[in-house]
1. List every residue pair whose Cβ atoms sit under 9 Å apart, with the two residues 6 or more apart in sequence or on different chains, where the first one lies in region 77-88 and is polar (S, T, N, Q) and the second, anywhere, is assigned to a strand (DSSP E or B).
2. Which of (1) part of a loop (DSSP other than H, G, I, E, B); (2) under 20 Å from residue 138 (Cβ atoms); (3) in contact (Cβ under 8 Å) with a residue 60 or more places away in the chain is the odd one out, the single condition residue 97 does not satisfy?
3. Could you please tell me which pairs satisfy a Cβ distance under 6 Å, a separation of 6+ or placement on different chains, a first residue in region 42-65 that is closer than 15 Å to residue 28 by Cβ and at pLDDT 95 or above, and a second residue that is of a type outside the set (Ser, Thr, Tyr) and not in a helix (DSSP H, G or I)?
4. Considering only region 148-169, state which residues are within 18 Å of the chain's Cα centre (by Cα) and closer than 23 Å to residue 108 by Cβ.
5. May I ask you to say which residue of 82, 137, 130, 109 is within 19 Å of residue 55 (Cβ to Cβ) and either modelled with pLDDT of 95 or more or charged (D, E, K, R) (or both)?
6. Can you tell me which residues in region 143-167 are modelled with pLDDT of 95 or more, closer than 23 Å to residue 79 by Cα and touching a helix residue (DSSP H, G or I) at 6+ places or on another chain (Cβ under 9 Å)?
7. Being without any contact (Cβ under 8 Å) to a residue 40 or more places away in the chain and among the hydrophobic types (A, V, I, L, M, F, W, C) narrows it down to one of 142, 108, so name that one.
8. Considering region 61-100 alone, what residues qualify as being of a type in the set (Ser, Thr, Tyr) and closer than 21 Å to residue 38 by Cα?
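The values are calculated or read from the model by the stated rules, or taken from the named source; none is laboratory data. All values derive from a computational prediction rather than experimental measurement. Positions of Cβ are backbone-derived with ideal geometry, glycine not excepted, and every protein chain shown enters the neighbour counts.
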Amino acid sequence: MVAAANPPSPTPGTRIRAAVPSDAEGVARVINAAFVVERIAFDGDRTDVDGVHSLMNAGKFLLAEVDTLGLVGCVYVELRGERSYLGLLSVAPALQGKGLGRQLVAAAEEYSRNAGCRAMDLRMVSPRAESLLPFYERLGYAKTGTAPFPADVPTKVPCHYVLMTKPLA
């Protein structure tokens with residue numbers, strides 16, 4: 001097993017577990033709160049309950065819960081053969097910067113390793129790259145290129161995807 005470049009330090013009272021369908025409303029709420037920063041590029045919420053359910057059919061959400069606060073973070077993982085995809089890493093704004101994101105990424109990587117994946121891929125929208133690239137680079141991810149943003153999604157500023165990957169084995 002490969003150790004993360006910066007191993008996560010546990011947040012006291014935090015549990016990581018797989019989401020179940022009844023968690024969809026809470027998952028959507030955490031994602032939308034965490035992704036408010038994307039409103040520099042997009043209007044509206046990032047997802048809704050139906051969108052979360054649809055993703056649950058293709059992959060898995062891992063949830064971070066804190067004893068006294070309940071659901072405070074999530075990450076989406078989709079197994080794709082020997083690769084996996086990490087998306088929608090979300091931490092409640094009041095708890096950002098306290099290690100929960102690192103814990104969720106580490107849990108997603110472990111889940112993927114246990115499923116036989118050799119690498120994990122992710123993508124971010126370009127307006128967020130300045131703040132997110134250093135975070136993921138510290139966790140061992142490397143930029144692999146870019147991809148066009150869907151033309152049918154209205155944006156306030158020009159956008160493209162920044163692609164990153166990390167070997168897991």
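1. Final answer for the pair search is 84/77; 84/78; 84/119; 84/120; 84/121.
2. (3) is the only condition that residue 97 fails.
3. 61/19; 61/74; 63/17; 63/19; 63/71; 63/74
4. 161, 162, 163, 164, 165, 166, 167, 168
5. Of the residues listed, the single one that is within 19 Å of residue 55 (Cβ to Cβ) and either modelled with pLDDT of 95 or more or charged (D, E, K, R) (or both) is 109.
6. 143, 146, 161, 162, 164, 166
7. Every option except 142 fails the conditions.
8. 76, 85, 90
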